[in-house]
1. Scan the stretch 77-93 and tell me whether some residue there is in a helix (DSSP H, G or I) and under 20 Å from Cys42 (Cβ atoms).
2. Can you say whether Ala118 is of a type in the set (A, V, I, L, M), closer than 30 Å to Glu26 by Cβ, surrounded by 10 or more Cβ atoms within 10 Å (Cβ to Cβ) and not assigned by TED's automatic domain parsing to the domain that holds Ile17, as far as the supplied structure shows?
3. Consider Arg78 against the criteria (1) under 28 Å from Pro125 (Cα atoms); (2) in contact with a Lys or Arg (Cβ under 8 Å, 6 or more places away or on another chain): it satisfies all of them except one. Which criterion is unmet?
4. May I ask you to say which residue of Glu248, Glu195 is assigned by TED's automatic domain parsing to the domain that holds Val302 and acidic (Asp, Glu)?
5. Given the structure, is Ser98 within 40 Å of the chain's Cα centre (by Cα) and not hydrophobic (A, V, I, L, M, F, W, C)?
6. Could you check how many residues of the stretch 210-234 are modelled with pLDDT under 90, small (Gly, Ala, Ser) and surrounded by 14 or more Cβ atoms within 10 Å (Cβ to Cβ)?
7. Sort out which residues of the stretch 2-16 are crowded, with 17+ Cβ neighbours inside 10 Å and in a loop (DSSP other than H, G, I, E, B), and write them in order of number.
8. Quick one: in the stretch 17-37, of everything that is of a type in the set (A, V, I, L, M) and in contact (Cβ under 8 Å) with a residue 40 or more places away in the chain, which residue is surrounded by the most Cβ atoms within 10 Å (Cβ to Cβ)?
Amino acid sequence: MGFDIKRFKGDVDEELICPICSGVLEDPLQAPACEHAFCRACITEWISRQPTCPVDRQAVTASQLRPVPRILRNLLSRLCTSCDNALHGCNTVLKLDSLASHLVECEFNPKRPMPCEAGCGLVIPKDELAEHNCVRELRALIATHQGKLNDYEQELAEQRLVINEHKRELALLKEFMRAMRLSNPSMRALADQMEREEVVRWANSLARARVTRWGGMISTPDDVLQMMIKRSLSESGCPPHIIDDLMENCHERRWPPGLSSLETRQNNRRLYEKYVCKRVPGKQAVLVLHCDNTHVDEHMMVEPGLVMIFAHGIE
């Protein structure tokens, strides 16, 4: 539906009037052959009922419609019109191409978004402010968000069930692979490769860490501290087949020759800088995994890697 011709100042050229609604063209399109122009909404609705030009009845489809020439667009943009909010007190007269931006800021626009001054913080259309009730609106907002939260929680629960089922199936597959590798050399090699790839994927999921105080390393962590680190490793997705070995390697009795005593650790302090360290999530501890540190000297590394626990100094 085009613009009401009565709102425009002065005469409007006939070429700028839609033959369907008799209003001034709004977002116009034209037929390809006869070049008759129509409001987009008008011609779209017309063609949905009968695919012909409303003026000369030549066949035309929606896909054949095209934008009007620039000269016609320029003529439309120069028309002077009153504001849509004239009935609400706005006396502004402006060019048609400025109308959209003016309506956004027009102080007489009854639907202009206005902040509630009663303190709820909501933005309300101007004509609804008088009947706005903060408590009612906030309760409705909370109810809406609570409904969405319930939906998200249900979806999350369903996804957890699916994930747990996948984990169960994966565990069964791993057990089958372990059983097969005892009797089949080719299966043994395949299972070993799968386990190595699983460790690499897990290592890549961990955040890089930087040790700022190597002197804060705890070389003989107690059982409680070890249990905390083991729980964190498990929650981070550590492959079960290496978690016990990693925890054994958090004590200096299992460390490689280059770390086996306080004296050797002090002598090899410069070699620590070569380590690629991964953060044990939420703890003052790092993982120095063999798959991340193939560049490190053999006397400074063990399979599948080291767990180093610190009193402080992890970033």
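1. Yes: one or more hits.
2. no
3. All conditions are met except number (1).
4. Glu248
5. Yes: the conditions hold for Ser98.
6. Looking only at that region, the number is 2.
7. Gly2, Val12
8. Filtering the stretch 17-37 for residues that are of a type in the set (A, V, I, L, M) and in contact (Cβ under 8 Å) with a residue 40 or more places away in the chain, the one surrounded by the most Cβ atoms within 10 Å (Cβ to Cβ) comes out as Leu25.
The values are calculated or read from the model by the stated rules, or taken from the named source; none is laboratory data. A quick note: this is a predicted structure, and the numbers were derived from the prediction, not measured. Counting neighbours? That spans all protein chains shown, and the Cβs are built from the backbone with ideal geometry, glycine included.
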